[in-house]
Amino acid sequence: MIKLENIEATYTTVRGRVKAVEGVSLEIPYSIILGIAGESGCGKTTLMKVIYGDTGFPLELTKGSVDYGFENDRGQPVTSRNIQREWFRNISYVPQSSMSSLNPVTRIRDQFTDFPATYGRKREVLESVREYVQELGLPPESIDAYPHQLSGGMQQRIMVALATFFHPQIILADEPTTALDVVVQKDILILLMRLQRMMRNTIIFVSHDMGVHYQITHKMMIMYAAKTVEYANTDDIFKNPLHPYTLMLTSSLPTIGDERARTGLPGRPPSLWDPPQGCRFAMRCPLATAHCHEVEPQLLEHLPGRFSACHRVDAIPELAAKVWRGPKLSELANDQDKLIAQVESALRADETEGAAAAAALKEEVE
Amino acid sequence: MDTILETEGLNKEFVLGGFPRSIKIQALNNVNISVTSQKPVIISVVGESGSGKTTLAKVILRLLQPTSGRVIVSNQLVAGKGAKPDKTEFLRTVQPIFQNPFSAFNRYRTIDMYLYETATRVLKLDQAEAVRAIEEALAAVGLEYKDVRGKYPNQFSGGELQRASVARALIPHPNLIIADEPVSMIDASRRMIIINLFLALKQEYKTSFLYITHDLATAYYISDYIAVLNHGKLVEFGEGKRVLQSPQHEYTKLLLASIPSLNKKWTEDLDWNAPIGATAESLA
Ligand SMILES: Nc1ncnc2c1ncn2[C@@H]1O[C@H](COP(=O)(O)OP(=O)(O)O)[C@@H](O)[C@H]1O
Ligand SMILES: Nc1ncnc2c1ncn2[C@@H]1O[C@H](COP(=O)(O)OP(=O)(O)O)[C@@H](O)[C@H]1O
Ligand code: SF4
Ligand SMILES: [Mg+2]
Ligand SMILES: [Mg+2]
């Protein structure tokens with residue numbers, strides 16, 4: 001089991017310090033695929049960096065630690081302090097785009113042998129790399145190519161091969177298929193699922209696509225504004241959510257065959273520079289009360305294995321039923337005024353917290 | 001009945017490199033789409049990257065000459081042999097919205113300058129009329145003139161900027177708006193605002209849309225018609241719900257089966273014991 005204990009991760013910028021992950025505690029059982037979801041900017045990538053042990057200016061682990069649940073070859077427990085020594089061999093990373101992580105001027109094969117685990121036995125390792133990529137459906141000579149000579153789908157397959165070659169205990173994947181078309185994406189995701197099932201390792205998978213989470217993950221953690229708001233089995237996340245934000249994430253986008261009108265998620269998460277007191281979701285929550293705005297809900301196990309940080313867990317089934325029974329788009333489309341009124345209210349809501357988002361975006365653009 | 005959009009034997013060939021070692025890319029390969037309707041409609045063009053979607057948009061917008069074939073929008077011949085539409089008249093008929101609002105607008109020009117330019121150059125309005133037209137168009141997308149005036153692109157969020165692009169396109173009250181991946185740069189949670197806005201504008205402004213996307217779910221949601229492109233060929237065209245609920249072409253079926261939907265899990269018919277391998281598609 002991997003234990004995250006009260007993780008707080010902080011960026012230092014010219015403007016000051018901002019906590020991108022705050023108070024995240026989680027127990028992740030081995031041999032599952034854990035999904036992490038939440039709107040952009042909520043801290044998913046930062047948390048992945050912390051788990052990988054890839055901290056360093058401007059990112060700092062300011063509180064807490066990760067206990068990976070296994071010992072290193074010196075018999076010491078592996079934690080945030082010494083995880084870097086396990087890179088490649090026991091923990092690996094599949095990034096969003098191979099462009100940023102495959103060295104463009106190095107042949108693929110050298111990227112497999114370019115780290116300490118292979119020193120002194122390159123030839124032997126290369127032979128098994130060749131065999132391994134072939135098993136994954138790649139031509140064996142693809143490892144003699146430079147990255148740009150391969151298609152996007154092949155490159156991402158190579159990334160998966162690199163990340164799984166040493167059968168690491170833990171594999172982290174941050175939006176690994178976001179840049180791919182759906183046909184190739186499905187292939188890569190199925191490859192990951194099959195490897196995970198074969199090797200019994202733990203995959204932590206970040207995606208903004210709830211459909212991808214539904215298809216491949218066993219458990220999910222939902223993040224909102226640097227915190228965990230829900231943690232449960234994937235099927236419960238979709239069918240019996242215990243947090244209003246989870247419900248909105250899973251039901252706000254259209255799916256094929258579903259005729260309900262969808263509004264997306266109007267409004268924006270609060271700025272991490274000046275988070276509100278009380279529940280961080282209160283501004284956008286249809287169930288919010290005065291109490292929610294004052295007192296921050298803690299992440300509690302409301303039902304076995306189902307954790308939620310919400311004061312009004314009991315009111316969620318009714319809210320869910322209401323959302324799931326919502327009007328069909330065709331009903332709205334025939335009632336022009338209703339449709340236009342709904343769009344107008346969504347447009348207005350989009351401006352809540354708009355100033356903060358614009359400022360944040362402005363920073364990113366500059 | 002009006003011809004909203006018709007492409008007839010549309011071809012576009014790109015030639016890369018020089019003679020004798022030139023490579024030809026058939027970006028559009030005999031594309032025939034025809035939509036006639038009394039009411040405004042939303043037509044989606046779906047397909048994977050490189051399938052020719054942007055090329056189709058550019059040919060309709062007269063930004064690219066077709067190699068052969070022709071395009072009719074609102075009963076007017078706009079592209080192909082013999083097409084010589086009056087420029088202003090054309091811009092009152094067809095307007096574009098582009099994928100990346102940050103690159104569509106120059107960062108050193110204020111947003112209202114773009115709106116003003118469209119109002120004065122395309123509609124030939126005087127200053128007071130132009131301001132009125134801008135106010136009206138901004139209101140339709142939920143923005144206020146006073147909040148937009150004098151502001152540069154980087155003072156807006158991606159979603160707000162894309163709404164400003166929609167407002168600009170609305171000013172001439174065009175018959176057809178061509179939106180090339182208009183939401184792919186916007187955070188997933190806020191995409192529906194733009195998508196629903198298109199639906200409301202179809203009703204309120206009687207504008208038809210050509211919605212170009214690789215996202216089948218939003219295409220399903222808003223389309224009256226869907227065109228599926230694959231390697232420059234139109235593989236399937238028809239009424240929106242029909243195309244995605246009972247696809248006829250193998251490629252449409254493959255696309256649908258690849259969407260990570262919330263209905264059926266892929267693992268249900270996954271043979272865990274089969275060798276891992278890879279499909280030809282994923283290595284292409
Ligand atoms: N290098 C950085 N410097 C300063 N702030 C950062 C940096 N990277 C991310 N952040 C901030 O940390 C927050 C979380 O970012 P991130 O972990 O990338 O979120 P996600 O992956 O969920 O989109 C955001 O508000 C972002 O602006
Ligand atoms: N200006 C150009 N010169 C050469 N080839 C091009 C040009 N524009 C597009 N192509 C090619 O035409 C094909 C279709 O491209 P495009 O219309 O951009 O597809 P999509 O928008 O569906 O991703 C691709 O193979 C692309 O590489
Ligand atoms: S604590 Fe209150 S505001 Fe927060 S999610 Fe629960 S009901 Fe909504
Ligand atoms: Mg991220
Ligand atoms: Mg394109």
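The values are calculated or read from the model by the stated rules, or taken from the named source; none is laboratory data. Predicted model only: the values in this text are computed from it and were never measured. No Cβ is skipped: glycine too gets one built from the backbone with ideal geometry, and neighbour counts run over all protein chains shown. All accessible areas refer to the heavy atoms of the entire protein, side chains included, with ligands and DNA or RNA removed. Shrake-Rupley method; radii C 1.70, N 1.55, O 1.52, S 1.80 Å.
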* Structure fact -> Counting only residues in the stretch B:173-195 that are open to solvent by less than 10 Å² (accessible area, probe 1.4 Å) and more than 11 Å from every other protein chain (Cβ to nearest Cβ), the one nearest to B:Ala133 (Cα to Cα) is identified as B:Pro174
* To do: Output the residue which, of all residues in the stretch B:102-126 that are free of Cβ contacts under 8 Å to residues at least 40 places away in the same chain and open to solvent by 50 Å² or more (accessible area, probe 1.4 Å), is farthest from B:Ala137 (Cα to Cα).
  => B:Ser103
* Checklist (1) open to solvent by 20 Å² or more (accessible area, probe 1.4 Å); (2) in a loop (DSSP other than H, G, I, E, B) applied to A:Asn6, failing item -> (2)
* Inside the stretch A:156-179, can you point out the residues that are within 11 Å of chain B (Cβ to nearest Cβ), away from ligand 5 (no atom under 16 Å from the Cβ) and open to solvent by 10 Å² or more (accessible area, probe 1.4 Å)? -> A:Thr178
* Asked: Which one is farthest from ligand 4 (Cβ to nearest atom), of the residues in the stretch A:39-89 that are free of Cβ contacts under 8 Å to residues at least 12 places away in the same chain and in a strand (DSSP E or B)?
  -> A:Glu71
* To do: Of the conditions (1) over 27 Å from B:Ser51 (Cα atoms); (2) open to solvent by 10 Å² or more (accessible area, probe 1.4 Å), A:Val182 clears all except one; give me its number.
  => (1)
* Looking at (1) assigned to a strand (DSSP E or B); (2) touching a Pro at 6+ places or on another chain (Cβ under 9 Å), can you tell me which one A:Ile203 breaks? -> (2)
* B:His231 at pLDDT 95 or above, open to solvent by 10 Å² or more (accessible area, probe 1.4 Å) and more than 16 Å from ligand 3 (Cβ to nearest atom) -> yes
* the stretch B:47-62 - residue that is open to solvent by 30 Å² or more (accessible area, probe 1.4 Å), out of contact with any Leu (no Cβ under 8 Å at 6 or more places or on another chain) and at pLDDT 95 or above and, of those, nearest to ligand 5 (Cβ to nearest atom) -> B:Thr54
* Quickly run through the stretch A:146-182 and pick out the residues that are more than 21 Å from the chain's Cα centre (by Cα) and part of a loop (DSSP other than H, G, I, E, B). => A:Tyr146, A:Leu150, A:Ser151, A:Phe165, A:Phe166, A:His167
* Scope the stretch B:127-144; condition more than 25 Å from the chain's Cα centre (by Cα) and open to solvent by less than 20 Å² (accessible area, probe 1.4 Å); matching residues -> B:Ala130
* Boolean, B:Ile97 is under 15 Å from B:Leu170 (Cβ atoms), within 16 Å of ligand 2 (Cβ to nearest atom) and surrounded by 17 or more Cβ atoms within 10 Å (Cβ to Cβ) -> yes
* To do: Check A:Glu124, A:Glu71, A:Glu135 and return the single one that is under 30 Å from A:His208 (Cα atoms) and away from ligand 2 (no atom under 16 Å from the Cβ).
  => A:Glu135
* Can you name the residue in the stretch B:11-25 that is assigned to a strand (DSSP E or B) and more than 16 Å from ligand 5 (Cβ to nearest atom) and, of all such residues, is modelled with the lowest pLDDT? -> B:Leu16
